[in-house]
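Working notes, structure below.
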Amino acid sequence: MKFFVDTGDIDAIKALAATGMLDGVTTNPSLIKKSGKDFIPLIEEICDVVSGPVSAEVAATDYDTMIKEANKLAGIARNVAVKVPLTQDGLRVCREMADQGTMVNVTLCFSAGQAILAAKAGAAFISPFVGRLDDLSADGMNLIAEICEIYGNYPNWETEILVASVRSPMHITESARLGADVVTCPPEVIQQLYKHPLTQSGLEAFVKDWAATGQSIV
Ligand code: G3P
């Protein structure tokens, strides 16, 4: 399963890239706003740091403007995945960009039916938002299970399931159990994955006992 980070924070992206764990980056207009940076130069900077897919989202909602924006974003770097909303116009843009060899990430997916449409439109990634479904007392991970089952019936569909709106390590482990292709997580959720109280207390004991031996390895 691939790990993408869901952020516009270039310092966080650089720190995660240094771990060797990072396979890609996703952004959205809200994350760009939060970063306080100019969109196009920020995507250029991210693409210099990360060689995997970097999702950059169109801002328009009508076909004519979206296709212009999509072409501009695709021209930034070869690893840009243009992100479009799951609407009729968005999927029309998806089909055209996919046909010209650009990766497209279809975002704001909340149903299995929408995921079927994205696969048929040639999306490289479908982004179901699990956290936002959980927020409504729906079961976000159930949607991932449904999409995994459906896509599994059609091995010729190349769309990867990119679990988005991830809020906790449980979303990540459950995505892996279900066989999702990618999770995109806020940096702090990736950090939480490293942590376990028994790891921490065990390490403290080892450090203390090693110091008591008076030895050194190097
Ligand atoms: O980038 C899309 C998605 O991951 C947004 O997550 O936390 O705003 O629901 P969230």
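Put 218, 84 in order of accessible area, highest first, and with a 1.4 Å probe you get 218, 84. Remark: the chain carries 53 Å² of accessible area per residue (probe radius 1.4 Å; ligands, DNA and RNA excluded). Listed by chain and number, the lysines whose C-alpha is less than 23 Å from the C-alpha of residue 72, apart from same-chain residues fewer than 8 away, are 33, 34, 37, 83.
All Cα-Cα distances of the stretch 2-213, cut into 10 Å bins from zero to the largest, leave 8, 33, 34, 15, 5, 3, 1, 0 percent in each bin in turn. With 10 Å bins beginning at zero, the pair-distance distribution over Cα atoms of the stretch 91-145 amounts to 27, 46, 22, 5 %.
In percent, rounded to a whole number, the relative contact order of the stretch 1-104 is 21, using alpha-carbon pairs under 8 Å and six or more apart.
Accessible area per residue was computed with a 1.4 Å probe on protein heavy atoms; residue 38 scores about 110 Å².
A 1.4 Å probe over all protein chains sorts 78, 177, 95 by accessible area into 78, 177, 95, starting with the largest. When the Cα centres of the stretch 1-56 and the stretch 137-172 are compared, how far apart do they sit, in Å? Here the answer is 22 Å between Cα centres. When 204, 69, 57 are compared by accessible surface with a 1.4 Å probe, the order from highest to lowest is 204, 69, 57. Relative contact order, whole percent, for the chain stands at 17, derived from Cα pairs under 8 Å and 6 or more residues apart. Computed over protein heavy atoms with a 1.4 Å probe, the carbon and sulfur contribution to the accessible area of the chain reaches 54%.
The values are calculated or read from the model by the stated rules, or taken from the named source; none is laboratory data. Computed from a prediction, not measured in an experiment: that's the story for all the values here. Just so you know, the surface numbers come from the protein's heavy atoms only, side chains and all, with ligands and any DNA or RNA stripped out. Shrake-Rupley method; radii C 1.70, N 1.55, O 1.52, S 1.80 Å.
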